[in-house]
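Student: One structure coming up, written as structure tokens, with questions to follow.
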Amino acid sequence: MSAPGPLRLRAAAVAVRDGRVLVVLRERDGRRYAVLPGGGVEQGETPQRACLRELREETGLDGEVVALLPVGLDRAAPAVYLHVEAGPGVPALATDAPERAGASQTNRYRPAWVPVADVEAVGLVPPLAVDAVRMAVSAGRSPGAVRAPTVRPPR
């Protein structure tokens, strides 16, 4: 039996606007849940750039990183949660998003703004994502957060 490969760091966007948080509603093999837009940090990529790339792929929206949210660490699935100001527009999977190619009747992705009060009702996972949303809401533009370097998405 081979040893498992190294864990890949995930960068997640926490975008909150007008009492709503941007999530990707998932339906997979009959299970319904939600995740924050985000994904794996590629070799040579900063977490901030990965976060904005994934935000664009999974929601079609550009954004600006505002702050690093100091939530705990899940050792089994390490992630960096970044408070992001998402640009204008209606969220939709980008035409070149890898998720679009993997979508099917039993594997669906739908980006949406949901009320912050409903994050548990929509099944936001993992639990640290819920903590990150609460932190972003309470921090506003960041007393409890660590200011991140400004990074704009690559064009």
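Student: Roughly how many percent of the accessible protein surface of the stretch 12-88 is carbon and sulfur, given a 1.4 Å probe and a whole-percent answer?
Tutor: Of the solvent-accessible surface of the stretch 12-88, carbon and sulfur hold 44 percent.
Student: Determine ³J(HN,Hα), in whole Hz, for all residues of the stretch 10-26 in sequence, where each value follows from phi through the Karplus function 6.51 cos²θ - 1.76 cosθ + 1.60 and θ = phi - 60°; x replaces Gly and Pro.
Tutor: 10, 10, 10, 8, 10, 10, 10, 8, 6, x, 10, 10, 7, 10, 10, 6, 10
Student: What residues qualify as long-range amide H neighbours of L9, i.e. H under 5 Å apart, gap of 5 or more or another chain, H built at 1.01 Å from N?
Tutor: Placed amide hydrogens put V41 under 5 Å from L9.
Student: Dipole size in debye (nearest 20) for the stretch 13-105 around its Cα centre, Lys and Arg Cβ +1, Asp and Glu Cβ -1?
Tutor: Taking the Cα centre of the stretch 13-105 as origin, the dipole is about 300 debye.
Student: I've got another one for you. Counting C-alpha atoms alone, how compact is the stretch 1-95: give Rg to one decimal and Dmax as a whole number, in angstrom.
Tutor: 14.1, 50
Student: For the peptides 56-69, 14-27, what is the packing order when you average, over each peptide's residues, the other Cβ atoms within 10 Å and list the highest mean first?
Tutor: So the order, starting with the most tightly packed, is 56-69, 14-27.
Student: Using amide H atoms built 1.01 Å from N in the peptide plane, name the residues 5+ places from A15, or on other chains, whose amide H lies under 5 Å from its own.
Tutor: Result for A15 returns L22, V84.
Student: Lys and Arg at +1, Asp and Glu at -1: add these up for the other residues within a Cβ distance under 14 Å of G19 and post the number.
Tutor: Result for the local shell: +1.
Student: Could you give the C-alpha radius of gyration of the stretch 87-143 expressed as a fraction of 2.2 N^0.38 Å, taking N as the number of residues it contains?
Tutor: So the Cα radius of gyration is 1.39 times the expected 2.2 N^0.38 Å.
Student: Another question, then. For the stretch 118-125, what does the Karplus curve 6.51 cos²θ - 1.76 cosθ + 1.60, with θ = phi - 60°, yield as ³J(HN,Hα) per residue in whole Hz, taken in order and with x for Gly and Pro?
Tutor: 9, 4, 6, 5, 7, x, 4, 10
Student: Still on this structure, please answer the following. How do the peptides 84-95, 28-39 rank, highest first, by the average count of neighbouring beta carbon atoms within 10 Å per residue?
Tutor: 28-39, 84-95
Student: Still on this model: So what J values fall out for the stretch 55-65 if you push phi through Karplus, 6.51 cos²θ - 1.76 cosθ + 1.60 with θ = phi - 60°, rounded to Hz, Gly and Pro as x?
Tutor: 4, 5, 5, 8, 10, x, 9, 7, x, 10, 6
The values are calculated or read from the model by the stated rules, or taken from the named source; none is laboratory data. Just so we're clear, the structure is a prediction, and the values are computed from it rather than from any experiment. Here Cβ is always computed from backbone atoms with ideal geometry, including for glycine, and neighbour counts include all displayed protein chains. Keep in mind that these areas ignore ligands, DNA and RNA; they rest on the heavy atoms of the full protein, side chains included. Shrake-Rupley method; radii C 1.70, N 1.55, O 1.52, S 1.80 Å.
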